[in-house]
Amino acid sequence: MPPARFRVAIVGAGPSGLFAAQFLTGRDDMAVDIFDRLPTPYGLLRYGVAPDHASIKSVATALARVLEAPAVRFLGMVTFGRDVTRDELLAGYDAVIYAVGASEDLRMRVPGEDAAGSRSARAFVAWYSGHPDAEPQSLAGVRQAAAVGVGNVAVDVARLLVKEPLALDATDMPADVLAEFRRAALTDVWVIGRRGPQHASFTTPELRELCSTPGVRVSVQPESFDWIEDDLLDRRTRTNLTVLREASEREVPDPRVRLHFLFWRRPVELRGDPVSGMVLERTVVGPDGRVAGTGETERLPVQLVLRAIGYRAVELPGVPFDHESGVIPSAQGRVLRDGLVAPREYVVGWIKRGPVGVIGTNKSDAKETVQAVMADLAELGPVPERSDVVGALAARGRAPSTFEDWRRIELAEANRGASHERERMKIEAWHELLDLVQRERPGGPLPN
Ligand code: NAP
C-alpha cells in the first residue's frame with residue numbers, strides 16, 4: 001500500500017475518537033494513529049456503559065473494525081501531556097483531534113461529602129466496569145442507598161443496586177465486583193431530583209427498565225405530579241411521567257427492594273463518617289428560574305450516597321480550555337484559541353460539546369469534525385517533514401501498547417469468562433493488564 005498522504009492523530013480511543021477514525025479512513029489517502037492512556041480501547045463504551053447493557057456494548061464490534069483497518073494504529077499507554085505533547089503531535093501529524101471525554105465529576109459542595117460511603121457515581125461505575133484505576137468499593141453494611149441526580153447515570157447505578165445479583169451473572173463484570181453485589185443486602189434505594197419529574201434528564205427506555213426491575217416496588221410521592229400540565233410537555237417527558245405514575249401504582253407483593261423517587265429535594269448535608277444519613281432540603285424554583293431551598297429539611301437513613309450529578313472535563317496541557325463551560329472552545333469541530341481557529345487542531349465528543357448525549361450522538365458529532373478536518377487538509381496540504389512521534393516515543397523507552405496487545409487482553413478475558421461459563425470477564429488489575437501487554441514483547445518490559 002502506498003504511504004498515506006495525510007496522517008491524523010486522535011487523542012482518546014473512546015467512541016467519539018473511534019467514530020472520527022471511521023469517517024477519516026473512509027478515504028484511502030488517510031492514516032490515523034489513535035493514542036490512549038490505557039492499553040484498552042473503547043473508553044466509556046468499555047468503562048461507562050452499564051455491564052447489563054450488552055446491546056449498546058455491541059457498538060464495540062463495529063468499532064473494532066475501525067481499529068482493524070490497515071490505515072489505523074492503536075497506540076495505548078501513551079498519556080497526552082506526559083509521554084507526548086501537543087507540539088510533538090502537531091509536528092508529527094497533519095491534524096490532531098482531541099477526543100478525551102470528561103473524566104472528572106461534579107461535586108455537591110455540601111458538608112460531609114468526603115465521608116466514607118459518599119462517592120461519585122463515576123467512581124462507582126468505574127469500579128463495576130472493571131476500570132484498572134478504580135478503587136475497590138464495598139457494599140458491606142449498606143441497607144439503604146441514594147443516587148443524587150435524575151439523569152441516566154443515576155438510573156444506571158440505581159438499577160445495578162436494585163437488580164437481583166443473579167441477573168448480573170451474564171455480564172462481563174470482574175469476579176470480585178460480582179461477588180460484592182451478591183453479598184449486598186439492600187432494602188431501599190432513593191433517586192433524588194432537585195427539581196420535578198418533568199425536569200428529569202433520564203430517557204424513557206432507561207427509566208422504564210429501572211421501574212420494571214423484577215422484585216422492585218417503586219414509589220413516587222403523588223404530590224410530585226401536582227401542577228404539571230402534561231399538554232405543555234414534550235413527548236419524552238410526558239412518557240416519563242406516565243412510566244413513573246404507572247410504576248408507583250403497580251403492586252409488587254413481597255418486594256425484594258423498594259425504589260423511591262424523591263423530587264423537589266436537594267442534599268444539604270451528609271451525616272456521619274462513614275455516612276449514616278443524608279439531610280435533604282425541600283426545593284422550589286425561584287422567580288429567577290433557579291432552584292431554591294425552602295428551609296424545610298428531612299433526613300434519609302442511608303449508608304451509601306452516589307452523586308450522579310454530571311461529569312466534568314479536564315484541561316489538556318497546552319490546549320485551550322473554557323473553564324466556565326468545561327470544554328475545549330471550538331467551532332464546527334475546529335479548536336479556537338482566543339476566538340481564532342487554531343490550525344490543524346480539532347475536537348470531538350464530550351470535550352467538544354460537554355457531557356451530554358448517548359454513544360450514538362458521537363457519530364454525527366464526529367462527522368462534523370471530520371468534515372472540517374477534510375476541508376482544511378484539502379486547503380493546507382500535509383505538514384512538510386513530519387516527525388516520527390511513535391519512533392521518538394520508542395527511543396525514549398515508551399513504546400506504546402498495540403492493537404495486538406489489546407487482542408491478547410481480549411482473549412484472556414474470554415478465557416477467564418469461559419472458565420466461569422460467561423462470555424467474558426473483565427481483567428481489572430493493572431499488573432495483569434501489563435503482564436498481558438509485556439508478554440511476547442520483543443523489546444522486553446514496558447516502563448510504567
Ligand atoms: P445529566 O443527564 O446531566 O443529569 C445530571 C442530574 O444531576 C440532573 O438531574 C441534574 O439536575 C442533577 N444535578 C446537577 N447538579 C446537582 C446538584 N448540585 N445537586 C443535585 N442534583 C444535581 O448527567 P448524567 O446522568 O451524568 O449523564 C451524562 C450523559 O450521559 C447524559 O447525556 C446521559 O443521557 C448519558 N448517559 C446515557 C446512558 C444510556 O443511554 N443508557 C447511560 C448513562 C449516561 P438539574 O437538571 O436540575 O440540573
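The values are calculated or read from the model by the stated rules, or taken from the named source; none is laboratory data. Just so we're clear, the structure is a prediction, and the values are computed from it rather than from any experiment. Cβ placement follows ideal geometry from the backbone for every residue including glycine, while neighbour counts extend to all protein chains displayed. For accessibility, only protein heavy atoms count, side chains too; no ligands or nucleic acids. Shrake-Rupley method; radii C 1.70, N 1.55, O 1.52, S 1.80 Å.
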Answer yes or no as to whether Val335 is assigned to a strand (DSSP E or B), away from the ligand (no atom under 16 Å from the Cβ) and either of a type in the set (D, E, K, R) or open to solvent by 60 Å² or more (accessible area, probe 1.4 Å) (or both). no
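Considering region 277-310 alone, what residues qualify as being small (Gly, Ala, Ser) and in contact (Cβ under 8 Å) with a residue 40 or more places away in the chain?
Residues of region 277-310 small (Gly, Ala, Ser): 277, 286, 289, 292-293, 295, 308, 310.
Listed by number, the residues that qualify are Ala308, Gly310.
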Qualifying residue in region 348-364 (condition: without any contact (Cβ under 8 Å) to a residue 24 or more places away in the chain, assigned to a helix (DSSP H, G or I), more than 11 Å from the ligand (Cβ to nearest atom) and closer than 30 Å to Leu24 by Cα): yes
Any chance region 259-277 includes a residue that's open to solvent by 30 Å² or more (accessible area, probe 1.4 Å), out of contact with any helix residue (DSSP H, G or I) (no Cβ under 8 Å at 6 or more places or on another chain), within 30 Å of Leu166 (Cα to Cα) and outside any strand (DSSP E or B)? yes
Conditions (1) open to solvent by less than 70 Å² (accessible area, probe 1.4 Å); (2) within 12 Å of the ligand (Cβ to nearest atom); (3) in contact with a strand residue (DSSP E or B) (Cβ under 7 Å, 6 or more places away or on another chain): number failed by Gly289: (3)
Just for region 25-63: of the residues that are among the hydrophobic types (A, V, I, L, M, F, W, C), open to solvent by 10 Å² or more (accessible area, probe 1.4 Å) and out of contact with any strand residue (DSSP E or B) (no Cβ under 9 Å at 6 or more places or on another chain), which one is farthest from the ligand (Cβ to nearest atom)? Ala62
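With the condition kept exactly as written, say whether any residue in region 204-217 is at pLDDT below 95 and not in a loop (DSSP other than H, G, I, E, B). Steps first, answer last, please.
Going through region 204-217, the residues at pLDDT below 95 turn out to be none.
So far as region 204-217 goes, no, none of its residues is at pLDDT below 95 and not in a loop (DSSP other than H, G, I, E, B).
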So which residues in region 315-332 are more than 16 Å from the ligand (Cβ to nearest atom) and touching a residue at least 12 places away in the same chain (Cβ under 8 Å)? Leu316, Pro317, Gly318, Val319, Pro320, Ile328, Ser330, Gln332
